[in-house]
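Laboratory data are not the source of any read-out in this text; all were calculated from the coordinates shown. The structure displayed is predicted, hence computed values, not measured ones. Counting neighbours? That spans all protein chains shown, and the Cβs are built from the backbone with ideal geometry, glycine included.
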Amino acid sequence: MRFKDLSFVILTAYLISFSSSAYAKLHIIIDPGHGGSDKGANYYGIKESDITLSVAKKLHALITKDNKLQSSLLRSKNNNLSLPERVSKAQEASGDLYISIHVNANRNRSIYGPEFYFQSQLSPDKEALYLAGVENQELSDKLRIRNWEENSWPAIKTAQGDLRNILFDMQRISHIKKSSKFAQQLYMNWQPKRRRKSVSLRQAPFYVISNSNMPSVLIELGYITNKKDMRKLRSKGFQSKVVKSIYNGIKEYQKRLLL
């Protein structure tokens with residue numbers, strides 16, 4: 001590659017990675033998982049789609065009170081959106097951060113606790129890969145690649161050959177790095193360090209967090225198949241506590257953008 005082309009690559013990457021969102025309102029896209037005929041996990045008469053919507057609405061209400069933040073709900077009622085529709089709506093809203101809210105389930109009913117996922121860089125473990133496969137439904141690899149390309153940096157769409165491949169790679173690495181930092185802040189603010197053993201920070205190839213062009217995290221609030229978690233998840237008080245933790249994580253991430 002010529003030096004002129006390489007300089008263009010570096011300059012483009014710098015300009016794109018430098019976000020004005022640090023100096024303006026952060027726009028949070030809140031995506032309540034499932035909905036409509038897709039109930040998600042459904043145990044003890046409790047539907048995942050109902051819990052995710054309840055938590056999402058509480059988070060949206062809290063964020064709207066902050067004059068340095070704004071938020072958009074991808075669904076505000078019991079309707080379903082396909083995974084590509086969710087990504088498309090998030091992109092159209094020009095969000096700065098994307099939070100996908102879910103509730104977990106497992107045949108082993110002793111498993112409990114929340115989990116925070118960001119896009120895979122290394123090979124995910126078998127459990128995370130299985131969970132992502134369930135959430136991703138039957139989307140083909142070609143569709144995923146097409147969606148990622150459609151949501152890529154503007155410079156990638158006009159670049160050709162090696163230059164396009166380099167920019168594409170840089171975008172993916174930048175996305176993973178920013179998503180990792182966002183996930184870490186949400187994880188760190190979930191609960192006190194001494195009680196964080198039940199909280200997991202992991203990577204997995206979930207469609208929605210892998211195909212959006214903004215820092216993205218998928219949160220599994222807990223296991224609906226675990227009776228202790230289930231009681232918490234249906235509690236309005238616990239949901240409010242969860243929302244406050246997520247909000248604090250967002251604020252900490254926003255603060256670090258200014259450092």
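Here are some notes:
- Difference of contour (0.36 nm per residue) and Cα-Cα distance, LYS227 to GLU85: 47.8 nm
- Residue-count net charge about LEU69 - beta-carbon cut-off 10 Å; Lys, Arg +1, Asp, Glu -1: +2
- 3J(HN,Hα) couplings calculated from phi for the stretch 64-81 with the Karplus curve 6.51 cos²θ - 1.76 cosθ + 1.60 (θ = phi - 60°) are, in sequence order, 5, 7, 9, 6, 9, 9, 9, 9, 10, 8, 6, 9, 10, 9, 7, 10, 9, 10 Hz; Gly and Pro show x.
- HN-Hα J in Hz across the stretch 41-48 - Karplus 6.51, -1.76, 1.60, θ = phi - 60°, x for Gly and Pro: 5, 9, 9, 6, x, 9, 9, 4
- Extension gain for SER198 to ALA61 (0.36 nm times residue separation, less C-alpha to C-alpha distance): 46.6 nm.
- Estimated at 0.36 nm per residue, the fully extended path between LYS244 and TYR44 surpasses their Cα-Cα distance by 69.4 nm.
- Dividing the C-alpha radius of gyration of the stretch 185-259 by 2.2 N^0.38 Å, with N its residue count, gives 1.22.
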